[in-house]
1. Here are some residues: L398, L388. Which one is closer than 16 Å to A129 by Cα and either modelled with pLDDT of 85 or more or basic (K, R) (or both)?
2. Within segment 349-395, count every residue that is within 24 Å of F112 (Cβ to Cβ) and not in a helix (DSSP H, G or I).
3. So the check is Cβ under 8 Å with 6+ separation or different chains; which pairs have a first residue in segment 161-182 that's under 17 Å from G336 (Cβ atoms) and a second one that's in a strand (DSSP E or B)?
4. Report yes if some residue within segment 437-447 is closer than 17 Å to T116 by Cβ, in a helix (DSSP H, G or I) and either touching a His at 6+ places or on another chain (Cβ under 8 Å) or of a type in the set (D, E) (or both); otherwise report no.
5. Quick test for you: out of F112, F87, pick the one residue that is in contact with a helix residue (DSSP H, G or I) (Cβ under 8 Å, 6 or more places away or on another chain) and either of a type in the set (G, A, S) or surrounded by 24 or more Cβ atoms within 10 Å (Cβ to Cβ) (or both).
6. Could you check segment 148-199 and list, in sequence order, the residues that are within 20 Å of T374 (Cα to Cα) and either assigned to a loop (DSSP other than H, G, I, E, B) or β-branched (V, I, T) (or both)?
7. Within segment 116-152, how many residues turn out to be in contact (Cβ under 8 Å) with a residue 40 or more places away in the chain and under 29 Å from L464 (Cβ atoms)?
Amino acid sequence: MNNMTDRLFKKKDIAAMLHEAGTSNGGLKRTLSVGNLVTLGIGAIVGTGIFVITGQAAADYAGPALTLSFLISALACVLAGLCYAEFAAMIPVSGSVYSYSYATMGELPAWFIGWTLVLEYLFACSSVAVGWSGYMLSLLNGWGIGLPAQLTQSTFEHLPDGQWVLTGSLINFPAVFIVALVSAFLLGGIKQSAFINNIIVVVKVAVILLFIGFGMSYIDTANWHPYIPENTGEYGRYGWSGILRGAGVVFYAYLGFDALSTAAQETRNPQKDMPRGILISLLVCAVLYILVTTVLTGMVNYKELHVDAPIALAIDSAGEALAWLSPFIKLGALAGLSSVILVMMLGQSRIYYAISKDGLIPPSLSKVNSKSGTPLNATVLAFILTALFAGLFPLHVLTELVSIGTLMAFAIVCLSIVVLRKTHPELKRPFRVPFTPFLPLLGAAICILQMVSLPWNTWLRLILWTAAGLVIYFGYGWRHSRLHR
């Protein structure tokens, strides 16, 4: 029994991890600068949270007080971001929290968090693709172009009473299309992907600033009253519990800096550039989220915002005065959501790559294309799985799963910092979280509080996902782990 426990919790040697990453680099190319990291972070963070989830979270949970939800999530993200920055500077390897957990807590906890990261990135990519589909259809309708209903909706729908039903649609084709297009860019290499992302980020930030600037003139302050709608008697439906649930739902909007840490092994100077990239992108995006939410709930009553394209709705509500801005907003949203998919797909493929390098999933997924320097098979797998979920399932089911996976990952990162300070105080830390253990423990507590606020159905899906992961680990990873061979 002791031997089995020792094996399950055996840790990877940090010095060996750093040596492997610093010498061979696994075939990955170090091409990213701090500027690339900041734009990758903004590219991943500013997207679904602004263009899609703001409307649904305001309509269903927090009302105009969604700004407070974003503030709570931003606080948790800053605390988690500090912990990520310490880890990314100290252990600059691909794999994000999975790699950090392997070094601090052992193989089984690392597999658990790696499997949770797969959930996080897979459903994040899928949900953003569904949001992209909503904006594309809105834009096409504005141009008088309509697509058949059988190709524009999810195949399945989940009703409030818990039942799954068929919608009559074959597949959400626009969602599948954008996943395929982004995957093609990623196969061209990290440098090409970063360049495309830089252009997209400039476009979408400009569009967001246009919305904030012009939208402020059309705010009706009556839409902010009551600022915190009265709770309906059900936990999470408005009131302070709704603000907390809203914070949990929108939390995954800040997922981008986690994706950033998966690219540490492709960064020129990760010890210095990773902390800067994570914290700068996070702070910029938190300000943009709060401003957009304020303007959005001021232009449209929160009860009307349960749509896939809330900013487009807000612009349309202003009538002819802002009609000229509507196509720019929709194009900016499409560009913005595309960059989120790009960075999420990048992060997802690097998670597969890192886990495969350790032997816990088939070794073919760590194969790197010698010309482009990208994990070829891992990227193709990410495309297949993301396209499948984006085409078959509705937005609200996908987003709730992403939130709980993200919150769990962030909580584990915060706790791991405290553990590693005790177990490996001698490690070189180019960046250190101040006021440890207070700030990391506070970050973990806020994340756990938001997890508790999520619906029971979300927890049930997480439990089922975890059970499937354990079957894969004990069925394959246990026998093929490089650490034990």
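1. L388
2. 7
3. Partner pairs satisfying both residue conditions: none exist.
4. No, segment 437-447 contains no residue that is closer than 17 Å to T116 by Cβ, in a helix (DSSP H, G or I) and either touching a His at 6+ places or on another chain (Cβ under 8 Å) or of a type in the set (D, E) (or both).
5. So the residue among F112, F87 that is in contact with a helix residue (DSSP H, G or I) (Cβ under 8 Å, 6 or more places away or on another chain) and either of a type in the set (G, A, S) or surrounded by 24 or more Cβ atoms within 10 Å (Cβ to Cβ) (or both) is F87.
6. The answer is I178, V179, V182, G188, G189, I190, I196.
7. Summing the residues that are in contact (Cβ under 8 Å) with a residue 40 or more places away in the chain and under 29 Å from L464 (Cβ atoms) in segment 116-152 gives 19.
Each row is one residue, and each column tells you yes or no for (1) surrounded by fewer than 24 Cβ atoms within 10 Å (Cβ to Cβ); (2) farther than 26 Å from A409 by Cβ.
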site	(1), (2)
A259	no, no
A264	no, no
G298	yes, yes
F328	yes, yes
A333	no, yes
G336	no, no
L342	no, no
K357	yes, no
L360	no, no
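The values are calculated or read from the model by the stated rules, or taken from the named source; none is laboratory data. These numbers come from a predicted model, not from an experiment. Note: ideal-geometry Cβ built from the backbone for every residue, glycine included; neighbour counts use all protein chains shown.
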